[in-house]
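A quick write-up on the structure given underneath.
The values are calculated or read from the model by the stated rules, or taken from the named source; none is laboratory data. Quick caveat: nothing in here was measured; it's all calculated off a predicted structure. So basically every Cβ, Gly included, is an ideal-geometry build from the backbone, and we count neighbours across all protein chains shown. Heads up: the accessible areas ignore ligands, DNA and RNA and are worked out on the full protein's heavy atoms, side chains in. Shrake-Rupley method; radii C 1.70, N 1.55, O 1.52, S 1.80 Å.
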Amino acid sequence: MRTAYGVETVRAAERELMARLADGTLMQRAAAGLAAACADLLGRVYGSRIALLVGSGDNGGDALYAGARLARRGAGVTAILLTPERAHPGGLAALLRAGGRTVDTAGAEDLIGRADLVVDGIVGIGGKGGLRPEAAPLADAVARSRAAVVAVDLPSGVDVETGEVRGTALRADLTVTFGTHKPGLLIDPAREYAGVVRLVDIGLALPNDAVELEALQHGDVAALLPLPAAETDKYRRGVVGIAAGSARYPGAAVLAVAGALRGGAGAVRYVGPAADAVIARFPETLVSDRGPRKAGRVQAWVVGPGAGDDAATVAEVLATDVPVLLDADGLRLADARAVRGRGAPTLMTPHAGEAAALLGVSREEVEGARLASVRELAGRYAATVLLKGSTTLVAGPDGGPVRVNPTGTGWLATAGSGDVLSGLAGSLLAAGLAPVDAASVAAYLHGLSARFAADGAPVGAHDVAEGIPGAWRDVRG
């Protein structure tokens, strides 16, 4: 599992390690990893032109020491010092000894324009808000250049704790981060600025109980997948109920059932006005016209996709004593007090617009502060929340690490893909997974399926549903 830690935890670990090492050892470890990453990106170091953007903190020192290593390999390295009087003295001396040179910001734009590689060492993990006015023109010059851009620990101008970008920030092709991932590197919009993230191990000992963010990997998902034993029957595998669709949106029901059938549950019960469409596509579905209470035994419910204004069905499902997944219209129709008062778990799966309506803020606020938004929703509704989007996040009602989904593709932004995800997650709930695990595994398989189905081309929601078994097999290896 990939983990990310907050700034104070990282700093405490750095202090503890530095107390046991010779002075400067930790920075040299970071600089060695940074220089190696830069060399890999360049391909040929000798004769290349490298511009270092150097601030006053340790990130500037890392950039200077890495620049010295590259200069010794024959690169032409120039450090642009934003605050010359506060540049790291050891790093500065090392660069000059290696044949590098320094300039102030006058004429920096021309240097950047001629560079093959720009190393961003302006701001470290202590930075807040966008770049300062004196640094913003450098970011503009970098954006106009053809140089490859490597950020030291994080792109300058992004919020390392939250992933927010509140002003001008520098965009990197590669971010070399040290010791551990930082939350902002895994969450949009900052993730988009980070480019590819490369982790350099510098020997930090980080506490397991201070993880801020988690990202499941193949092995983690494989360990959570519900697998039938020899004596398992369809009821032991779990039965998921789907209350979805309407005369206007019968396709939502079909797609939710499609996701559920491929999610590992033993059976799917459907309740709603789209029974004919569901049976025509999936004759194995158990349909009922008697409402959720009389539909028969289920281990979890999915309610809301394409439900229109059927608030009565949403309320009936919320009154059950099994896990419930609320999506789409169900989020709008659900009574907040009924959600908070449930004895069984609730999983909510809003996109940014739905989350904004639930929180009473603008969509832009949610998209700009995704981590804060998912945590606020989970706490306010006493529910697990899966916030869909370019970075899908899963937060539990009792705090703890937030899960970030590492799979997916922009082609998932297509009508009906959320309905498939709801059915898939509901099936995993019915199979017995805890809400955070069900949401995380569903998002992972859903994103992986979309990648396989798209293969660089547009896909429909039905393609994503059909690809889930292939994603499942790939995860299990």
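When only Cα pairs under 8 Å and 6 or more residues apart are kept, what is the percent relative contact order across region 346-452? Provide the component values of the computation, followed by the final result.
Values: 154 pairs, mean separation 24.9, N = 107.
Value for region 346-452: 23 percent.
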With all protein chains modelled, accessible area of residue 472 [1.4 Å, Å²]: 40 Å²
Computed FRET value (nearest 0.05) for residue 380 with residue 128, which takes r as the C-beta separation and R₀ as 25 Å: 0.45
Rounded Å value of the spacing that divides the Cα centres of region 1-70 and region 224-291: 52 Å
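Can you sort 40, 153, 233, 398 by 1.4 Å-probe accessible area, starting with the largest? Working shown, then result.
Numbers: 40 105, 153 10, 233 65, 398 145 Å².
Per-residue accessible area, sorted high to low, gives 398, 40, 233, 153.
Quickly estimate the mean residue ellipticity at 222 nm for the chain, helices only: each DSSP H run with n ≥ 4 gives -39500 (n - 2.57), and the total goes over all residues, rounded to 500. If you can, show how the numbers build up before the last one.
Working: 20 runs with 199 residues, N = 477.
About -12000 deg cm²/dmol.
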J(HN,Hα) series, region 197-209, from Karplus relation 6.51 cos²θ - 1.76 cosθ + 1.60, nearest Hz, glycine and proline x: 9, 10, 9, 10, 7, 10, x, 6, 9, 10, x, 5, 7
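With the cut-off at 1.5 for a/c, could you classify region 267-317 from its C-alpha gyration tensor as rounded, prolate or oblate? Intermediate results must be reported in sequence, preceding the final value.
On the way: a/c = 1.90, a/b = 1.26, b/c = 1.50.
Oblate shape, in that a/c is at least 1.5 and b/c is the bigger or equal ratio.
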Sum of side-chain charges, residue 7 neighbourhood, beta-carbon under 9 Å (Lys, Arg +1; Asp, Glu -1): 0
Cα gyration tensor shape for region 181-223, rounded if a/c is under 1.5, else prolate or oblate: oblate
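Treating only the Cβ of Lys, Arg, Asp and Glu as charged (+1, +1, -1, -1), what charge dipole size does the chain show about its Cα centre? Round to the nearest 20 debye. The partial results should precede the final answer.
Values: 47 positive and 51 negative charges, 123 e Å.
In total the dipole reaches around 600 debye.
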The chain, accessible surface, carbon-and-sulfur percent (1.4 angstrom probe): 49 percent
Most to least accessible of 168, 180, 313 (protein chains only, probe 1.4 Å): 168, 313, 180
Probe 1.4 Å - accessible area at residue 404, Å² to nearest ten: 10 Å²
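For region 344-477, what class follows from the C-alpha gyration tensor (a ≥ b ≥ c being the square roots of its eigenvalues): rounded when a/c is under 1.5, otherwise prolate if a/b is larger than b/c, else oblate? Walk me through the intermediate numbers first.
Numbers: a/c = 2.07, a/b = 1.36, b/c = 1.51.
Taking the square roots of the gyration eigenvalues as a ≥ b ≥ c, region 344-477 is oblate.
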Surface accessible to a 1.4 Å probe, per residue, for the residues of the chain, Å²: 41 Å²
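Ranked by accessible surface with a 1.4 Å probe, highest first, in what order do 473, 248 come? Each step should come with its number before you reach the end.
On the way: 473 160, 248 190 Å².
I get 248, 473, largest accessible area first.
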